[in-house]
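Asker: To start, I am sharing the structure in question, which I have written as structure tokens.
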Amino acid sequence: MDMMKSRILEADSMWLEYDGHKILQSIYIKMQTGHVTGLLGRNGTGKSSLMRMIFGTLRGQNQSVRVDGDYFSHPYQQRGLVSYLPQHPFLPAGLRVSEVCRLYEVDFTDLCEHFGDFHQYRHTRVRDLSTGGRRLFATLLIVMMPVAFTLLDEPFAALSPLNVEQIGKVINEQKTRKGILISDHAYEDVLSLADETYLIVPVGRSILLKNVRIELAEFGYI
Amino acid sequence: MKTKLHLLAIFYCSFGFYLWIISLATWFVLGHPTGSNLYALIPAMILFKFFLQGITIYVFRRRYSHLFFFYTNANLSQRQLFISAFIADFILFFLSMGIIQLAGEWI
């Protein structure tokens, strides 16, 4: 890791309104390769929207996403730059597990090293996995994609405690070569992984927490 | 490039078959013309296909927007997906019409 040049993604001036109702304003988020960044906030504070704006699929009234100082209007269109795990299922149901891995440049054998049970699903279609299995597979895929930055929106939803623990290990392993942003209501899991944590507070402001638990309590998050 | 083409094919296959069937069914309902009658019908069929493609975009964006993340994670935008799919759709449509025309001439 020391030999690798650290990369920095900065998202600022993120401004989003729907029908005059402010969702995000005065947002600044910094991600860095080698770091896990936590993103917390109550329901409806715009965490998912912020992630989609950083990814480049949602346009707000204003936004700026820079990587190492270079501006990208649609970061997702840059090969090897950013991956995003949305909250909802997004993998085509008819594709086989191994085919999806190949399309996302994820080595199926590597994936099985973390979750040995997946060996049996190599030729299984996505639709035939259980709900938890699909979520686990989607999360692993996005985390293990060869990109510089990964955005995870509720990666622990629908996963068993054992799988959450194992995903945490994968995230810690992957962060040696990428920057990872995690948002999840299982805040204890987020805090255990995060090197720094932002809190989104009404109306759409981001705060970099210094004394995390104290400030989370002060802002009424916990 | 091979991966991108594969992804574009997956996207088109998710609805392309229905567009193709609807187009052929429309041709059949209109009296399944061949020869010069088919040439006269083609402009109307092209307009109808534009209409179908508009409906496809609307339905996809309204009901299946979450599926786009599969493609955006592979660096493909919605614009790239739809333009590629509709080009493929027109090519298949004209191929089908060409085969029908040839078959009509032979028969």
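The values are calculated or read from the model by the stated rules, or taken from the named source; none is laboratory data. No experiment lies behind these values; they were computed from the predicted model shown. We place every Cβ from the backbone using ideal geometry, glycine too, and count neighbours over all the protein chains shown.
Asker: Restricted to segment A:84-118, and to residues that are more than 24 Å from A:L181 (Cβ to Cβ) and hydroxyl-bearing (S, T, Y), which residue is surrounded by the fewest Cβ atoms within 10 Å (Cβ to Cβ)? Can you show your working first?
Answerer: Filtering segment A:84-118 down to residues more than 24 Å from A:L181 (Cβ to Cβ) leaves A:92-99, A:102, A:108-109, A:112-113, A:116-118.
Now narrow it down to the ones that are hydroxyl-bearing (S, T, Y): A:98, A:109.
Values: A:S98: 15, A:T109: 11.
Restricting to residues being more than 24 Å from A:L181 (Cβ to Cβ) and hydroxyl-bearing (S, T, Y), the top hit is A:T109.
Asker: Here is a follow-up. For segment A:43-63, which positions are among the hydroxyl-bearing types (S, T, Y) and facing another protein chain (nearest Cβ under 9 Å)?
Answerer: A:T57, the sole residue that qualifies.
Asker: For segment B:57-87, what are the residues that are among the polar types (S, T, N, Q), more than 7 Å from every other protein chain (Cβ to nearest Cβ) and buried (at least 18 other Cβ atoms within 10 Å of the Cβ)? Reasoning before the result, please.
Answerer: Pass one, segment B:57-87, residues among the polar types (S, T, N, Q): B:65, B:72-73, B:75, B:77-78, B:80, B:84.
Filter once more, so that each one left must be more than 7 Å from every other protein chain (Cβ to nearest Cβ): B:65, B:78, B:80, B:84.
Passing the criteria: only B:S84.
Asker: Then there's this: For the list (1) surrounded by fewer than 19 Cβ atoms within 10 Å (Cβ to Cβ); (2) closer than 30 Å to B:K2 by Cβ; (3) without any contact (Cβ under 8 Å) to a residue 60 or more places away in the chain; (4) away from every other protein chain (no Cβ under 14 Å), I need the number of the one condition that A:R66 fails.
Answerer: The single condition A:R66 does not satisfy is (2).
Asker: Which members of segment A:1-18 meet the condition of being closer than 18 Å to A:H35 by Cα, at pLDDT below 95 and either in contact with a Ser or Thr (Cβ under 9 Å, 6 or more places away or on another chain) or not in a loop (DSSP other than H, G, I, E, B) (or both)? Give the steps one after another, and end with the answer.
Answerer: Restricting attention to segment A:1-18, the residues satisfying the condition of being closer than 18 Å to A:H35 by Cα are A:1-11.
Okay, now just the ones that are also at pLDDT below 95, so A:1-6.
Listed by number, the residues that qualify are A:M1, A:M4, A:K5, A:S6.
Asker: Sticking with this one: Taking A:L159 as the residue in question, decide whether it is hydrophobic (A, V, I, L, M, F, W, C), at pLDDT 95 or above and either surrounded by 22 or more Cβ atoms within 10 Å (Cβ to Cβ) or touching a Lys or Arg at 6+ places or on another chain (Cβ under 7 Å) (or both). Outline the logic, then answer.
Answerer: Numbers: hydrophobic (A, V, I, L, M, F, W, C): yes; at pLDDT 95 or above: no; either surrounded by 22 or more Cβ atoms within 10 Å (Cβ to Cβ) or touching a Lys or Arg at 6+ places or on another chain (Cβ under 7 Å) (or both): yes.
For A:L159, the condition - hydrophobic (A, V, I, L, M, F, W, C), at pLDDT 95 or above and either surrounded by 22 or more Cβ atoms within 10 Å (Cβ to Cβ) or touching a Lys or Arg at 6+ places or on another chain (Cβ under 7 Å) (or both) - is not met.
Asker: From the list A:L40, A:L9, A:L24, A:L16, which one is under 17 Å from A:K175 (Cβ atoms) and surrounded by 19 or more Cβ atoms within 10 Å (Cβ to Cβ)? Give the derivation first.
Answerer: Details: A:L40 fails: under 17 Å from A:K175 (Cβ atoms); A:L24 fails: under 17 Å from A:K175 (Cβ atoms); A:L16 fails: under 17 Å from A:K175 (Cβ atoms).
Answer to the check: A:L9.
Condition check ((1) closer than 24 Å to B:Y64 by Cα; (2) out of contact with any Leu (no Cβ under 7 Å at 6 or more places or on another chain)) across all residues:
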position: A:S6; (1), (2): no, yes
position: A:W15; (1), (2): no, no
position: A:Q32; (1), (2): no, yes
position: A:K47; (1), (2): yes, no
position: A:S64; (1), (2): no, yes
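Asker: Please list, ordered by residue number, the helices (runs of 4 or more DSSP H) wholly in segment A:157-222 having 2 or more residues that are closer than 15 Å to A:G38 by Cα and in contact (Cβ under 8 Å) with a residue 24 or more places away in the chain. Don't jump to the end; show me each part of the working.
Answerer: Working: elements: A:161-174, A:187-193, A:212-218.
Those helices (runs of 4 or more DSSP H) span A:161-174, A:187-193.
Asker: Is segment A:76-90 home to any residue that is of a type in the set (S, T, Y) and more than 14 Å from chain B (Cβ to nearest Cβ)?
Answerer: Of all residues in segment A:76-90, those of a type in the set (S, T, Y) come to A:76, A:83-84.
Within this subset, residues satisfying the condition of being more than 14 Å from chain B (Cβ to nearest Cβ) are none.
Looking for residues that are of a type in the set (S, T, Y) and more than 14 Å from chain B (Cβ to nearest Cβ), one finds none in segment A:76-90, hence no.
Asker: If you scan segment A:95-124, which residues turn out to be out of contact with any Ser or Thr (no Cβ under 9 Å at 6 or more places or on another chain) and within 13 Å of chain B (Cβ to nearest Cβ)?
Answerer: Correct list: A:L95, A:E99, A:V100, A:C101, A:V106.
Asker: Please determine whether any residue of segment A:99-108 is β-branched (V, I, T), farther than 24 Å from A:D184 by Cβ and part of a helix (DSSP H, G or I). Break it down into steps so the answer makes sense when it comes.
Answerer: Here is the first cut: in segment A:99-108, the residues β-branched (V, I, T) are A:100, A:106.
Next, from what is left, pick out any that are farther than 24 Å from A:D184 by Cβ: none.
The answer is no, given that none of the residues of segment A:99-108 is β-branched (V, I, T), farther than 24 Å from A:D184 by Cβ and part of a helix (DSSP H, G or I).
Asker: In addition: Can you work out which of the residues in segment A:113-156 that are free of Cβ contacts under 8 Å to residues at least 24 places away in the same chain and more than 21 Å from the chain's Cα centre (by Cα) is nearest to A:G94 (Cα to Cα)?
Answerer: Filtering segment A:113-156 down to residues free of Cβ contacts under 8 Å to residues at least 24 places away in the same chain leaves A:113, A:116-120, A:128, A:130, A:133.
Of the ones still in play, those that are also more than 21 Å from the chain's Cα centre (by Cα) are A:113, A:116-120, A:128, A:130.
Values: A:E113: 25, A:G116: 23, A:D117: 21, A:F118: 17, A:H119: 19, A:Q120: 17, A:D128: 9, A:S130: 14 Å.
By that ranking, first place goes to A:D128.
Asker: Regarding segment A:174-189, can at least one residue be identified that is surrounded by fewer than 20 Cβ atoms within 10 Å (Cβ to Cβ), over 26 Å from B:T72 (Cα atoms) and out of contact with any strand residue (DSSP E or B) (no Cβ under 7 Å at 6 or more places or on another chain)?
Answerer: yes
Asker: For chain B, please list each of the helices (runs of 4 or more DSSP H) lying entirely inside it that holds at least 2 residues being within 12 Å of the chain's Cα centre (by Cα).
Answerer: Details: elements: B:2-13, B:16-29, B:36-63, B:68-72, B:78-106.
Here the list reads B:2-13, B:16-29, B:36-63, B:78-106.
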